[in-house]
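Below: one structure, written as structure tokens.
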Amino acid sequence: MLSGFALAQPLLDILSKNPEFFAIRRSTSTQIVLFALFVVLVPPLALLGVELLVAVFSRPAASIVHLVFVGGLVAVVVLHGLTNDSRLTGVVSLVVAAAAGIGGAVLYARTPLARSFLTVLTPAPFIFLALFISSSGISKLVFPKTPPVKKEHVSSKTPKTPVVLIVFDEFAPVSLMNSSEHVDAARYPSFAKLENTSTWYRSATTVMWLTEVAVPSIFTGVLPLPHKKLLPIYSDHPNNIFTLLGGSYNVQGVESITHMCPASICKEVKGQQSAQEVKGTTGSLANDASVVYLHLVLPAPYVDSVPQISDSWGNFGQAEHAEVQTTHAAGPILPCARNVCRFTSTFRRDGKPTAYILHSLLPHVPYLYLPSAKAYGIEVPILRGVRHGIWQQQWPALQSYQRFLLQTEYTDRALGYMMRRLKAKGIWNKALVIVLADHGVSFRHQQPRRLPTPGNMEDISFVPLFVKLPHQQRGRIDDGLARTVDVVPTIARYLHLNIPYHVDGKPLIGRKLPQDGTVSLLIGKGKYATARLSDLQALRRQALAEQLATFGTTPADLYRVGPHQELLGRLVSGLSTHPGKASVQLSNENLLRTVDTHSGLLPTWIQGDVSGPLGSQDLAVAVNGRVAAVTQTFDLGGVTKFDAMVPEGSLHDGRNDVSVFAVRPDGSLEELRGSSVTTTLTTRGGVQVITSTGGTAIPVRQQALTGSVEAKPGPTFEFDGSASDAAHRNKVDAVKVFVDGEQVYASRASLIQPKSMLGQVRKQNPYGFQFDLPASLLPKPGSRHKVRVFAVRGGAAGELRYLRTWPWGH
């Protein structure tokens with residue numbers, strides 16, 4: 001019973017209030033029910049199993065174990081209550097919970113009334129289960145009622161006008177602007193071309209700050225209900241753009257989070273695996289549920305080490321892997337990430353009236369991509385300085401803004417690629433094209449990243465919205481009050497289509513928009529954030545001035561941020577330098593030693609830890625003898641860290657030398673000692689051992705772990721495998737790759753799961769992993785060099801079995 005209160009009740013309660021947790025994963029009824037049963041039944045059965053096993057050897061010992069379990073569960077219940085009370089945090093919460101657990105165990109042991117009370121509460125976990133299944137949101141998923149598809153028919157007046165609807169995500173339009181509030185053509189040439197041939201509704205606003213609510217509003221033209229939560233699925237939104245056009249158009253829909261296009265209409269993706277962010281796999285569900293639970297019970301600051309759940313819809317703590325693609329082996333790199341190339345593959349020159357509809361998670365976090373379409377990491381560097389969705393540290397927030405702007409340039413390249421493909425298929429000129437985003441994003445210190453407040457509403461409310469009519473050749477700007485719910489009515493007006501259901505939006509064409517009015521964003525639970533459009537426009541102009549002052553006006557200016565910018569571009573040999581007492585350890589040193597500038601990976605994001613007598617400090621980062629970035633240290637969980645983005649041109653093929661300097665008040669530089677960690681595979685006493693400088697030795701015990709791996713050569717080497725303990729019960733802690741006995745890559749297994757964020761799931765194995773390594777990091781296939789892969793868990797390592805697809809022999 002206690003496990004029900006400690007484990008099942010908090011988790012089932014929070015998930016019943018957030019059914020989109022399952023809806024976005026497209027979890028089936030069976031998966032949801034089995035998940036709930038697992039949460040309710042498996043933990044107490046596991047504890048009971050341990051007690052029975054101990055009782056086989058000693059009944060008194062089993063009684064002690066039982067009391068330990070009682071005390072531990074009481075402590076967890078109390079800890080959950082303390083976590084909800086922000087007055088107690090950290091060690092105090094843990095001490096109070098531990099004391100309560102000890103007291104509860106003593107009371108249980110000495111008081112029959114306490115034991116009787118717990119016995120009476122035995123049915124409670126099953127009540128929690130029933131409440132979970134019967135909650136309004138969950139019951140819709142467990143007992144789905146899918147309405148019949150009603151396809152509407154477009155008037156014969158314009159039956160062959162193609163429709164292209166592109167919805168980006170988490171996109172503040174101020175990022176596109178230059179000092180005259182036009183699109184900055186130097187950074188964003190594709191959006192500039194779109195501005196010149198369309199109507200830019202420059203003051204368009206969203207209606208909600210959550211993607212799972214904002215995108216359905218775009219696809220339906222209906223405002224979100226203030227007191228009722230609808231799921232982003234077809235059964236909750238049967239009247240939408242897909243069904244509206246499905247009777248007369250061939251609809252090619254690519255959705256990333258929503259699931260609103262019926263399979264009978266979006267035949268192109270029927271039976272295929274959608275490249276959406278979260279898949280309904282058991283592994284993803286279990287992993288994400290465990291992370292949610294930790295957020296419920298861990299007090300600050302311990303919860304800061306748990307993966308964030310506010311920046312994505314699932315796979316918390318799992319890293320996205322770079323999606324890069326070339327036209328051929330030596331061709332240009334295409335901006336294919338987040339469903340872009342999957343969408344362009346649906347373009348057809350067949351004369352059929354077609355609607356192409358895309359929701360792409362660009363430039364949404366996680367930030368990984370450069371304007372050149374290359375990625376700057378094998379795994380995504382997480383956002384720094386965010387706690388509970390609020391920017392707590394100013395410098396990490398500014399660096400995240402920088403990464404957002406770089407990914408916005410990548411988004412511009414993706415738009416340009418889609419435009420070129422539409423023109424190549426003869427679609428662009430004759431199509432009605434609408435490009436917009438669902439909501440904005442903010443990087444203001446002490447303000448939420450997404451939740452609208454009076455302090456950031458100008459960042460969250462405005463969204464880019466461009467409407468290109470067929471054969472339109474001249475652009476114009478309209479600063480009137482437009483909303484994202486106006487998109488579907490605009491499409492219907494141009495196609496002379498009567499919408500057979502009520503919509504809250506109005507057509508953007510055929511009427512004069514009000515030049516001022518109230519902007520209203522639903523926050524949730526019937527509450528709204530409101531402001532006058534004219535006030536928000538004034539605040540946006542101020543935000544633009546701040547952006548231009550910080551990040552400049554040219555692509556190169558994006559790298560000229562931070563303190564002591566006068567050092568940027570200068571040769572270290574021409575500066576006054578001194579040896580320092582502090583040291584630095586780079587986290588991506590292996591990648592910097594083997595750069596291939598022609599590959600899809602360019603490690604321009606320099607990260608590291610700083611140790612020694614330094615504290616908060618301005619730093620200069622030199623690449624190949626020239627200062628390429630200036631930055632600052634920051635604290636993360638008691639560890640002094642630094643991040644810096646260096647220009648792509650600062651790296652060259654092969655080995656790149658990186659030095660880090662502390663900047664003294666007089667402008668001279670104090671070089672930090674490099675504490676490079678070398679990990680090698682050696683033999684000691686006939687036993688293979690993985691050793692690291694300054695670290696512990698890990699013995700290779702082949703019987704402790706099991707698994708296999710294969711590697712497929714290409715522009716990068718794609719490693720695909722699985723690893724677990726010998727009993728196939730637990731995931732490994734890390735995976736390490738060695739070339740001729742020296743480690744070239746290592747990562748925590750939790751960061752290289754096959755359920756890659758914002759990408760396709762390729763495996764259903766909970767112990768599986770996938771990652772891509774640049775060809776420059778590995779020897780050529782068929783060479784005499786040895787490439788070996790080891791899994792590590794609990795202080796022991798095991799070499800994985802190599803499958804047939806292994807380019808370097810076995």
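The values are calculated or read from the model by the stated rules, or taken from the named source; none is laboratory data. All values reported here derive from a predicted model rather than from experimental measurement. Ideal geometry is used to build each Cβ from the backbone, glycine not excepted, and the neighbour counts take in all protein chains shown. Just so you know, the surface numbers come from the protein's heavy atoms only, side chains and all, with ligands and any DNA or RNA stripped out. Shrake-Rupley method; radii C 1.70, N 1.55, O 1.52, S 1.80 Å.
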Output for the range 371-393, where each listed residue is modelled with pLDDT of 90 or more and buried (at least 22 other Cβ atoms within 10 Å of the Cβ)
A373, K374, A375, Y376, W391
Which one of these does R450 not meet: (1) open to solvent by 10 Å² or more (accessible area, probe 1.4 Å); (2) of a type outside the set (F, W, Y); (3) at pLDDT 95 or above?
(3)
Can you pull out every residue in the range 534-554 that is in a helix (DSSP H, G or I), open to solvent by 40 Å² or more (accessible area, probe 1.4 Å), under 19 Å from A186 (Cβ atoms) and polar (S, T, N, Q)?
T550
Cβ pairs under 7 Å, 6+ apart or interchain, first in the range 608-632 and open to solvent by less than 30 Å² (accessible area, probe 1.4 Å), second of a type in the set (F, W, Y), ordered by first then second residue, are G608/F642; V610/F642; L619/F642; L619/F661; A620/F661; A622/F661; A629/Y559; T631/F642
Would you confirm whether or not the range 141-156 contains a residue that is open to solvent by 70 Å² or more (accessible area, probe 1.4 Å), out of contact with any strand residue (DSSP E or B) (no Cβ under 6 Å at 6 or more places or on another chain), modelled with pLDDT of 80 or more and part of a helix (DSSP H, G or I)?
no
Residues in the range 394-425 that are within 19 Å of F343 (Cβ to Cβ) and either modelled with pLDDT under 95 or touching a Phe, Trp or Tyr at 6+ places or on another chain (Cβ under 6 Å) (or both) total 6
Considering every residue within the range 9-25, establish whether at least one is closer than 25 Å to L107 by Cβ and open to solvent by 50 Å² or more (accessible area, probe 1.4 Å).
yes
P224 vs. criteria assigned to a loop (DSSP other than H, G, I, E, B), farther than 29 Å from A414 by Cα and touching a helix residue (DSSP H, G or I) at 6+ places or on another chain (Cβ under 9 Å):
yes
Are any of the residues in the range 485-494 part of a loop (DSSP other than H, G, I, E, B) and more than 25 Å from H364 (Cβ to Cβ)?
no
Near pairs, Cβ below 8 angstrom, 6+ apart or cross-chain, from the range 642-668 (more than 16 Å from R560 (Cα to Cα)) to any residue that is open to solvent by 50 Å² or more (accessible area, probe 1.4 Å) and among the β-branched types (V, I, T):
F661/T577; S668/T577
Candidates P514, P507, P500, P470 - the one that is modelled with pLDDT under 95 and either over 24 Å from V213 (Cβ atoms) or in a loop (DSSP other than H, G, I, E, B) (or both):
P500
Among the listed residues S190, S175, S198, which satisfies the condition of being among the small types (G, A, S), more than 28 Å from the chain's Cα centre (by Cα) and either over 20 Å from I241 (Cβ atoms) or open to solvent by less than 10 Å² (accessible area, probe 1.4 Å) (or both)?
S198
Taking the criterion of being modelled with pLDDT under 95 and out of contact with any helix residue (DSSP H, G or I) (no Cβ under 8 Å at 6 or more places or on another chain), would at least one residue in the range 543-553 satisfy it?
yes
Filter the range 428-442 for residues that are in a loop (DSSP other than H, G, I, E, B) and open to solvent by less than 10 Å² (accessible area, probe 1.4 Å); which is nearest to T354 (Cα to Cα)?
A431
Look at N239 and say whether it is within 23 Å of R25 (Cα to Cα) and open to solvent by 10 Å² or more (accessible area, probe 1.4 Å).
yes
Do any helices (runs of 4 or more DSSP H) lying entirely in the range 1-105 carry at least 1 residues that are over 30 Å from the mean Cα position of the chain (by Cα) and over 30 Å from L231 (Cβ atoms), and which ones are they?
29-57, 59-84
Test: D557 is open to solvent by 20 Å² or more (accessible area, probe 1.4 Å) and in contact with a Phe, Trp or Tyr (Cβ under 7 Å, 6 or more places away or on another chain)
yes
Restricting the first residue to the range 90-109 and requiring it to be closer than 17 Å to L67 by Cβ, which pairs with a second residue that is of a type in the set (F, W, Y) and open to solvent by less than 60 Å² (accessible area, probe 1.4 Å) meet a Cβ separation below 9 Å and a spacing of at least six or different chains?
A105/F69
In the range 87-121, how many are of a type outside the set (K, R) and loosely packed, with under 12 Cβ neighbours inside 10 Å?
9
Answer yes or no as to whether S659 is part of a strand (DSSP E or B), among the small types (G, A, S) and open to solvent by 20 Å² or more (accessible area, probe 1.4 Å).
yes
